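Asks: This structure is in structure tokens; I'll ask about it shortly.
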Amino acid sequence: MFKYLSNSNLSKNIFLIGIFFLPSAPFISLFFLIISSFCSVKNNFKNLANDKWNLIFIISAVAFPGICLLQSEKIIPLINNWDKSLTWIGLSNWLPMIFIFLSFQYFVSKAEDRKTVSKVLIAGSLPILFSGFAQYFFKIYGPFDIFNGLIIWFQRPLQSDTGLTAVFNNQNYAGAWFSIIWPLSFAALLDSLNKKVNKFICLSILILITTAMLLTTSRSAWGGLILLIPLMTGISFLPYLLPIVFLAILFLFLASSSLVPIAFQNHIQDIITDKFLQEFNPDNFVGRESRIDIWGNALMFISQRPILGWGAATFPILYFLENKAYAGHAHNLILELANNYGIPITIVIFGSVLIICFYSFMKIYTNVSFQKIDFFERAWFSSFFVLLISQLWDIQYYDGRVSIIFWILLAGLKQVITKKVGLYKTNLLNHSQ
């Protein structure tokens, strides 16, 4: 079968089908993505292995099982409630994703490839948008299934304190996804300005995505939107953006501060809906563990086992033993990885990620006139950067769709700064001939 899939166009189309189904039908998406990934590795193994950037991640992938072996021997006596198999299961969040990063580089090797992937990802996200609006406005939750239960579509019934989630676990996951596709949609709009029909369609999609981001009531998504606008438009838009941000902060202060007269505050609260206001009302966070406390404890746990970490899924146990309270994870992906597998592997992985971000930013944003701006390249960077920033506050990475697109976006940025991207195409074509 792989002999026929060595054809570059066929394997690329299979990859794009996987991208299309990723938001709405992950099971079907994985089927196509797995096939395309093995085809890519089969035809590009030497190029992948000889790339210095890839070598760093390959070494990391090899190191993970060794860390797990040492953890299984040394940590189990320290935490009685910890199942050592969990640290191996936790590798599913990293090893397959590194493989995705390596294998999908061919499919995002050129700017035109990344533009195509961006458009397919937007199209594949439309069912998520419509289902989210059906959930929020019409109370349509499901479950609905097709193919004899192969695909089950279910949306959480909304409570008074939750925003739009669509098919995701909660509003923060949905907000993260919409933050990913918002800049891609913005770039598609700019790309279609000279096409009347396409321009209308792209503008409508952008408005729908923006509305969905607001309806999630996810502060992470709202903050991401504020960051995405200057990333896409440049600093020239800041004089227009800053007053909007200032007015939003002022309204929230007037609506929630005890320093404001009650009568006036009630008028402001009538303007701002309860679901929006509650996200900034301190009274709604009483009894929850604060981010500062969680991060402080994470740093303490890391300092106790800095080299190997404690193992995956240990943070809630450690946090409960220390505070007699529950925190499901470290609410920071870097701290989470360091707590689970140690500082060295964390530095290698996220140090490489940050370096790729820096160099790709320099290549995409600097020394480029407005007429030569490739907005899809900006959108690709913006999607990844805002997603990465959001992982410092919360961890939506544990949703498989988010983690897969995280590594695909990173693979594209790595290709932005790789000079010899043509090698990937040349090698694959040689196999197809």
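Asks: Identify all residues within the stretch 14-43 that are over 23 Å from the mean Cα position of the chain (by Cα) and modelled with pLDDT of 95 or more; write none if there are none.
Replies: Selection gives nothing.
Asks: Out of Pro127, Pro143, Pro157, which single residue is surrounded by fewer than 18 Cβ atoms within 10 Å (Cβ to Cβ), free of Cβ contacts under 8 Å to residues at least 12 places away in the same chain and under 21 Å from Asp399 (Cβ atoms)?
Replies: Numbers: Pro127 fails: free of Cβ contacts under 8 Å to residues at least 12 places away in the same chain; Pro157 fails: free of Cβ contacts under 8 Å to residues at least 12 places away in the same chain.
Pro143 is the lone residue from the list that is surrounded by fewer than 18 Cβ atoms within 10 Å (Cβ to Cβ), free of Cβ contacts under 8 Å to residues at least 12 places away in the same chain and under 21 Å from Asp399 (Cβ atoms).
Asks: Let me ask you something else. Taking the conditions exactly as written (touching a Pro at 6+ places or on another chain (Cβ under 6 Å), buried (at least 21 other Cβ atoms within 10 Å of the Cβ) and aliphatic (A, V, I, L, M)), does Ala338 satisfy them or not? It would help to see each step written out before you state the result.
Replies: Details: touching a Pro at 6+ places or on another chain (Cβ under 6 Å): no; buried (at least 21 other Cβ atoms within 10 Å of the Cβ): yes; aliphatic (A, V, I, L, M): yes.
When the stated conditions are applied, Ala338 does not pass them.
Asks: For the structure I just gave you, tell me whether Ala176 is closer than 28 Å to His331 by Cβ and at pLDDT 95 or above. I'd like the intermediate steps shown before the answer.
Replies: On the way: closer than 28 Å to His331 by Cβ: yes; at pLDDT 95 or above: yes.
Yes, satisfied.
Asks: Still on this structure, I have one more. Among the residues of the stretch 96-112 satisfying the criterion of being in a helix (DSSP H, G or I) and open to solvent by 50 Å² or more (accessible area, probe 1.4 Å), which is nearest to Ile364 (Cα to Cα)? Working first, answer last.
Replies: In the first step, residues of the stretch 96-112 are kept if they are in a helix (DSSP H, G or I); the result is 96-103, 106-108, 111-112.
If we keep only those that are open to solvent by 50 Å² or more (accessible area, probe 1.4 Å) too, we end up with 96, 99, 112.
Numbers: Pro96: 28, Phe99: 26, Glu112: 14 Å.
Checking each candidate, the answer is Glu112.
Asks: Which of (1) open to solvent by less than 20 Å² (accessible area, probe 1.4 Å); (2) modelled with pLDDT of 80 or more; (3) of a type outside the set (Ser, Thr, Tyr) is the odd one out, the single condition Trp82 does not satisfy?
Replies: Condition (2) is where Trp82 drops out.
Asks: In the stretch 180-209, what count of residues is obtained for those that are without any contact (Cβ under 8 Å) to a residue 24 or more places away in the chain, open to solvent by 50 Å² or more (accessible area, probe 1.4 Å) and within 26 Å of the chain's Cα centre (by Cα)?
Replies: Of the residues in the stretch 180-209, the ones without any contact (Cβ under 8 Å) to a residue 24 or more places away in the chain are 189, 192-204, 207.
With the extra rule that they be open to solvent by 50 Å² or more (accessible area, probe 1.4 Å), the set shrinks to 193-201, 203, 207.
When the remaining residues are screened for being within 26 Å of the chain's Cα centre (by Cα), the result is 201, 203, 207.
Residues flagged as without any contact (Cβ under 8 Å) to a residue 24 or more places away in the chain, open to solvent by 50 Å² or more (accessible area, probe 1.4 Å) and within 26 Å of the chain's Cα centre (by Cα) within the stretch 180-209 amount to 3.
Asks: Where residues in the stretch 31-53 are free of Cβ contacts under 8 Å to residues at least 24 places away in the same chain and surrounded by 16 or more Cβ atoms within 10 Å (Cβ to Cβ), which of them is nearest to Ile355 (Cα to Cα)?
Replies: Start the filter on the stretch 31-53 by keeping residues that are free of Cβ contacts under 8 Å to residues at least 24 places away in the same chain, which leaves 31-32, 34, 45, 49-50, 52.
Applying the additional criterion that residues be surrounded by 16 or more Cβ atoms within 10 Å (Cβ to Cβ) yields 32, 34.
Values: Phe32: 31, Ile34: 28 Å.
Selected residue: Ile34.
Asks: While we're here: Look at the stretch 54-74 and say how many of its residues are buried (at least 19 other Cβ atoms within 10 Å of the Cβ) and either at pLDDT below 90 or over 15 Å from Met97 (Cβ atoms) (or both).
Replies: Of the residues in that region, 3 qualify.
Asks: Could you please find all residues in the stretch 300-322 being over 19 Å from Gln71 (Cα atoms) and in contact with a helix residue (DSSP H, G or I) (Cβ under 7 Å, 6 or more places away or on another chain)?
Replies: Hit for the stretch 300-322 is Glu322, nothing else.
Asks: Are there any pairs with C-beta distances below 6 angstrom linking a residue in the stretch 390-418 that is within 20 Å of Ser360 (Cβ to Cβ) and hydroxyl-bearing (Ser, Thr, Tyr) to a residue that is part of a helix (DSSP H, G or I) and at pLDDT 95 or above, with the two at least 6 apart or on different chains, and if so which?
Replies: Ser390/Ala176; Tyr397/Leu333; Tyr397/Ser403; Ser403/Met97
Asks: Residues of the stretch 382-418 being touching a Cys at 6+ places or on another chain (Cβ under 8 Å) and closer than 17 Å to Phe104 by Cα, which ones? Talk me through it step by step, then tell me what you get.
Replies: As a first pass, look at the stretch 382-418 and keep what is touching a Cys at 6+ places or on another chain (Cβ under 8 Å): 384-385, 388, 413.
Listed by number, the residues that qualify are Phe384, Leu413.
Asks: Another one. Assess whether Lys115 counts as being within 19 Å of Phe384 (Cα to Cα), open to solvent by 20 Å² or more (accessible area, probe 1.4 Å) and not aliphatic (A, V, I, L, M). Spell out the reasoning first.
Replies: On the way: within 19 Å of Phe384 (Cα to Cα): yes; open to solvent by 20 Å² or more (accessible area, probe 1.4 Å): yes; not aliphatic (A, V, I, L, M): yes.
Judged against the criteria, Lys115 is a match.
Asks: Which helices (runs of 4 or more DSSP H) does the stretch 273-324 wholly contain that include 3 or more residues that are at pLDDT 90 or above and either open to solvent by 40 Å² or more (accessible area, probe 1.4 Å) or of a type in the set (Gly, Ala, Ser) (or both)?
Replies: Of the helices (runs of 4 or more DSSP H) lying wholly inside the stretch 273-324, those with at least 3 residues that are at pLDDT 90 or above and either open to solvent by 40 Å² or more (accessible area, probe 1.4 Å) or of a type in the set (Gly, Ala, Ser) (or both) span 291-304, 315-323.
Asks: While we're here: What number of residues within the stretch 297-350 are out of contact with any Phe, Trp or Tyr (no Cβ under 9 Å at 6 or more places or on another chain) and polar (S, T, N, Q)?
Replies: Here the count works out to 3.
Asks: Further, regarding this structure: Please go through the stretch 160-179 and give me each residue that is free of Cβ contacts under 8 Å to residues at least 60 places away in the same chain and either of a type in the set (D, E, K, R) or open to solvent by 40 Å² or more (accessible area, probe 1.4 Å) (or both), ordered by number.
Replies: Once the filter is applied, which keeps residues that are free of Cβ contacts under 8 Å to residues at least 60 places away in the same chain and either of a type in the set (D, E, K, R) or open to solvent by 40 Å² or more (accessible area, probe 1.4 Å) (or both), the stretch 160-179 yields only Asn170.
Asks: Tally up the residues in the stretch 388-409 that are closer than 22 Å to Thr233 by Cα and either in contact with a helix residue (DSSP H, G or I) (Cβ under 6 Å, 6 or more places away or on another chain) or not in a helix (DSSP H, G or I) (or both), please.
Replies: The initial filter retains those residues of the stretch 388-409 that are closer than 22 Å to Thr233 by Cα, namely 388-390, 409.
Then keep just the ones that are either in contact with a helix residue (DSSP H, G or I) (Cβ under 6 Å, 6 or more places away or on another chain) or not in a helix (DSSP H, G or I) (or both); that gives 390, 409.
Total meeting the criteria: 2.
Asks: Do we have Asn148 as assigned to a loop (DSSP other than H, G, I, E, B), closer than 28 Å to Phe15 by Cβ and free of Cβ contacts under 8 Å to residues at least 24 places away in the same chain here?
Replies: Values: assigned to a loop (DSSP other than H, G, I, E, B): yes; closer than 28 Å to Phe15 by Cβ: yes; free of Cβ contacts under 8 Å to residues at least 24 places away in the same chain: yes.
Considered against the rule, which asks whether it is assigned to a loop (DSSP other than H, G, I, E, B), closer than 28 Å to Phe15 by Cβ and free of Cβ contacts under 8 Å to residues at least 24 places away in the same chain, Asn148 comes out as yes.
The values are calculated or read from the model by the stated rules, or taken from the named source; none is laboratory data. In this text the structure is predicted, and so the values were computed from the model without any measurement. Heads up, the Cβs are rebuilt from the backbone with ideal geometry, glycines too, and the neighbour counts pull from every protein chain shown. SASA here: full protein model, heavy atoms, side chains in, ligands and nucleic acids out. Shrake-Rupley method; radii C 1.70, N 1.55, O 1.52, S 1.80 Å.
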